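Chemist: This is the structure, below, for whatever I ask next.
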Amino acid sequence: MQAFYGFKDGSGEWFVIIDADACNGCGKCVEVCPAHALEVGEDEFDPFSEKHHVRVKEGERKKIRYTCAPCQPGYGEEPPPCVAACEPGAISHSEAWLHAYAKK
Amino acid sequence: MIVVGIDVGGKNAHVVILKDGEIAAQGEAATGIQKAEAAERLYKETLRKAGLKQEAVGRVVATGSAAKRVAFADGIIADAAADARGVNRLFPLARTVIDVGAEEGRAIKVSPEGKVLDFAINEKCAAGTGTFVEAMARALEISVEEMATLSLKSNNSIPMNAQCAVFGESEVVSLIHQKIGKQDIAKAVHDAIAGRIASVARIVGLKKDVVVIGGMARNAGFIHSLKKETGMDIIVPDDPAFIGALGAAASAAAGVLEGKVKAKVVELDAVEKGQA
Amino acid sequence: MAEQGKQEYWRWPEGKWVNPRIDWRKGKIITAGVDVGSVSSQAAVLVDGDLYSFSNTRTGSDSPDSARKAMGIAVEETGLALDNIDYCIGTGYGRVNVPMAQRTITEIACHARGANFMYGPEVRTVMDMGGQDCKAINCDDKGKVLNFMMNDKCAAGTGRGMEVFADLIRVPVWEIGPRSFQIKKEPPMISSTCVVFAKSEVVGLLEKGVPENDIMAAYCSAMAHRIMELLNRLGVHEKFVITGGIAKNEGVVKRLEKELGIKTAEKVWHRPAYKDYPFETQIAGALGAAIFAEAMVSKGKVKSVRKT
């Protein structure tokens, strides 16, 4: 299951994308996130599932654009810490950060 | 030599006239819907203020979101370039410029020579612009100026949940119903937008000296919140909304243009001596 | 927001319904779902998994009060009391406070389940636009969430975006849809995504003398386009259904269908026995919550809290 946490507004699509099927709930991304924006918890979308996976904290979802901005160095040349820490490759970001903050 | 810089933004237009390197006159006016006409009117009015005739003007450079509508401009330069040049003229030690206008916010990393090294922009969303503060002022039923003064009286930090100018208005109304004091709400509004602006600025790096320009720089409440948020000193020039136009005028003098160059009167001596 | 006494342009009318064919006293498992949204709240009651009653009300300033009001109206004059309910699940916008609920489940899961119950197992994509958010959900034939995307930050593409417009041009939301088709030619859409900037654009058009109906068409068109962009990011599959207040705005729905090249499913109950029951698109969330409650009680996953 793909969960898009974030928003789309006039300036672009700002989402942290979690592949809940690939996520093994290890929590490494939670530890390395400098903004403490992530948490691991029960599957919110399937009340009958026992699996735990990572998600963006509820209070962060509306401002994720700003929360994730400092971690997007090199404008896509280097992965942000959460992506680098994830072995199964379950976490990614939409491209707005790349497009909006281009080097001039 | 006489050059003119004109900055036509989302809400206001600014004109700066440089005569032999000194500011001869400047003017500001709301652009309304008919931006081209408003820009021309302001240009003529500012010329009158300076006691100058249109024929004496050597070059006009436009900048701002509606720069292309300025029919009488000889060329256009990018907003970031105008900001960088304008700030560099006044503050040669500036390395980060933050420009928050009515409809756009941007952060610029500038070189010691006043060139743009990097920039990040906040556009198409009112939440990171002066429009956000205006909308909240309306909800509080006070002017933006009153809001700035009030917010400086508050010592409380109430987080604003909404990240949108529309939802923010409802949140302000709800805070009023909860009997939260207007000064606390005003501060919350400034804190909220300062947080967003600072995040955008961090992308280019917050290196001192940090200079804030654009209409929002006149809001002392916002500047106070921004200082707190960044933990840095902030320089605000005397006429922060005119800096883009000043930069455009400076570039007119230096002959750096993106568009066509149509110099009517160019005093080469003045340019070479770096006076303009 | 509209004040008391001033004409309200932006609220859909309230409603309620009780199933005349069911006597709840004869039922074994009675479950309820309460969905507290930012603009409207709904409650749905199931008796042995069968739709018994529902209500669609206006959310007040207080979340618990809105929940009580919705629940109260849903069981009005039925003699059914909270003590007779086996399990109640709350859902809705943000951290809702539904005092009579034993637990909460996200509205994403509830809308998918509710849409599955209402429209049938062929539903694969649900788009719900509430007062303050817009969500796109892909689900399987059992109503289980496969993917989702939610936007609750930006007013554009939410019910509020339409409300602001309705207030600006002083036309009730329920008239905007039909009037947006009383035009000669489809105008270009409003170009600003941001509602605040779009308002200025609309004012500019009004000052230029553009006819109101054309402006409505331009606004509906823009809204449809924003929704289409969100949906395409997720991927839209038929049957495609729309829940929430926006489903009633033909001006947006028809234009969205055109942009997607997919028609929304017919607003008809999947269960043939429900043929004559009112099909209220706004109850999908509350209905889904009540269905989850029924499944949990009947599977023994939770204990009934029924007192009498």
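Chemist: Using modelled backbone amide H atoms (1.01 Å from N, in-plane), which distant-in-sequence or interchain residues come within less than 5 Å of A:GLU13's amide H?
Modeler: Here A:ALA96 satisfy the definition.
Chemist: Can you pull the mean other chain C-beta count within 10 Å for peptide B:200-206?
Modeler: 3
Chemist: Using θ = phi - 60° and the Karplus relation 6.51 cos²θ - 1.76 cosθ + 1.60, list the HN-Hα couplings for the stretch A:18-29 in order, rounded to whole Hz, with x at every Gly or Pro.
Modeler: In residue order, the calculated couplings are 10, 8, 5, 6, 7, 5, 9, x, 5, x, 5, 5 Hz.
Chemist: Can you tell me the order of B:66-74, C:192-200 when each peptide is scored by its average per-residue count of other Cβ atoms within 10 angstrom, highest first?
Modeler: C:192-200, B:66-74
Chemist: What does the average come to when, for each residue of peptide B:117-125, you count the partner chain Cβ atoms lying within 10 Å of its Cβ?
Modeler: 6
Chemist: Please list, in order along the stretch B:212-226, the HN-Hα scalar couplings obtained from phi with the Karplus expression 6.51 cos²θ - 1.76 cosθ + 1.60 (θ = phi - 60°), rounded to whole Hz, x for Gly and Pro.
Modeler: In residue order, the calculated couplings are 10, 10, x, x, 5, 5, 6, 8, 5, x, 5, 4, 4, 5, 5 Hz.
Chemist: What are the semi-axes of the equivalent ellipsoid for the protein assembly as shown, taken as the square roots of 5 times the Cα gyration tensor eigenvalues, largest first, in whole Å?
Modeler: In descending order the semi-axes read 52, 27, 22 Å.
Chemist: Also: Can you pull out the GluC sites (Glu not before Pro) in the stretch B:10-46 that DSSP calls coil and that have at most 14 other Cβ atoms within 10 Å?
Modeler: none
Chemist: Moving on. Could you work out how far apart the two model spin labels at B:GLU113 and A:PHE48 are, taking each label as a point 7 Å from the Cα in the direction of the beta carbon, and quote it in nm?
Modeler: Between B:GLU113 and A:PHE48, the simple spin-label model gives 6.9 nm.
Chemist: Give me the extension gain from B:LYS228 to B:LEU93: residue separation times 0.36 nm, minus the current Cα-Cα distance, reported in nm with one decimal.
Modeler: Contour length minus Cα-Cα distance gives 46.5 nm.
Chemist: For an R0 of 25 angstrom, estimate the FRET efficiency from the Cβ-Cβ distance between C:GLU77 and C:ASN97 and round to the nearest 0.05.
Modeler: Calculated transfer efficiency: 0.40.
Chemist: How large is the charge dipole for the protein assembly as shown, taken about the Cα centre, if only the Cβ atoms of Lys, Arg (+1) and Asp, Glu (-1) carry charge, to the nearest 20 debye?
Modeler: 280
Chemist: Once amide H atoms are built 1.01 Å from N in the peptide plane, which residues 5 or more positions from B:ILE158, or in another chain, come under 5 Å H to H?
Modeler: Long-range HN contacts for B:ILE158: B:ALA188.
Chemist: Can you name the helices of chain C, as whole DSSP H runs, whose Cα span along the helix axis is 18 Å or more and whose Kyte-Doolittle mean is not below -0.5?
Modeler: C:195-208, C:212-234, C:284-298
Chemist: Continuing with the same structure: Let me know the Rg and Dmax you get for the stretch A:2-101 when you use only its Cα atoms, in Å.
Modeler: Spelled out, the Cα radius of gyration and Dmax of the stretch A:2-101 are 13.0, 41 Å.
Chemist: Okay, next question. How large are Rg and Dmax for the stretch C:98-210 when calculated on the C-alpha trace, in angstrom?
Modeler: Rg, Dmax (Cα atoms, Å): 17.9, 56.
Chemist: How big is the Cα convex hull of the stretch B:1-113 in projection, averaged over all directions, in nm²?
Modeler: 6.7
Chemist: Amide H neighbours of C:ILE242 under 5 Å, counting only residues 5+ apart in sequence or on other chains, H built in-plane at 1.01 Å?
Modeler: C:MET127, C:ALA265
Chemist: With the contact rule set at Cα under 8 Å and sequence spacing of 6 or more, what percent relative contact order holds for chain C?
Modeler: For chain C, the relative contact order is 25 percent.
Chemist: Mind checking the stretch B:89-121 for GluC sites (Glu not before Pro) that DSSP puts in a loop (not H, G, I, E or B) and that have at most 12 other Cβ atoms within 10 Å?
Modeler: Counting only loop positions with at most 12 other Cβ atoms within 10 Å, the GluC sites (Glu not before Pro) in the stretch B:89-121 are B:GLU113.
Chemist: Let me make sure I get this right: for the stretch B:48-100, a, b and c are the square roots of the gyration tensor eigenvalues over alpha carbons, sorted descending. Under 1.5 in a/c it's rounded, otherwise prolate if a/b > b/c, else oblate. Which is it?
Modeler: Taking the square roots of the gyration eigenvalues as a ≥ b ≥ c, the stretch B:48-100 is oblate.
Chemist: Quick one: Karplus J couplings for the stretch A:62-67, per residue in order, coefficients 6.51, -1.76, 1.60, θ = phi - 60°, nearest Hz, x for Gly and Pro?
Modeler: Result, ordered by residue: 6, 10, 4, 4, 7, 4 Hz.
Chemist: If pairing requires two Cys Cβ atoms under 4.7 Å apart, which cysteines of chain A are left without a partner?
Modeler: A:CYS23, A:CYS26, A:CYS33, A:CYS68, A:CYS71, A:CYS86
Chemist: What relative contact order, as a whole-number percentage, does the stretch C:67-214 give when Cα pairs under 8 Å and 6 or more residues apart are counted?
Modeler: Result for the stretch C:67-214 is 13 percent.
Chemist: Write out the trypsin sites (Lys or Arg not before Pro) in the stretch B:149-249 meeting two conditions: DSSP loop, and at most 11 other Cβ atoms within 10 Å of their Cβ.
Modeler: Qualifying residues, ordered by number: B:LYS179.
Chemist: Rounded to the nearest 0.05, what FRET efficiency do A:ASN24 and C:LYS301 give with R0 = 25 Å and r taken as the Cβ-Cβ distance? Could you check?
Modeler: 0.50
Chemist: Shifting gears a bit: Quote to one decimal, in nm, the extra length available between B:ILE33 and B:VAL173 on full extension: 0.36 nm per residue of separation minus the C-alpha distance between them.
Modeler: 47.5 nm
Here, each number is a calculation from the coordinates, and none is a lab measurement. Just so we're clear, the structure is a prediction, and the values are computed from it rather than from any experiment. Reconstructed Cβ throughout: ideal geometry from the backbone, glycine too, with neighbour counts over all protein chains shown.
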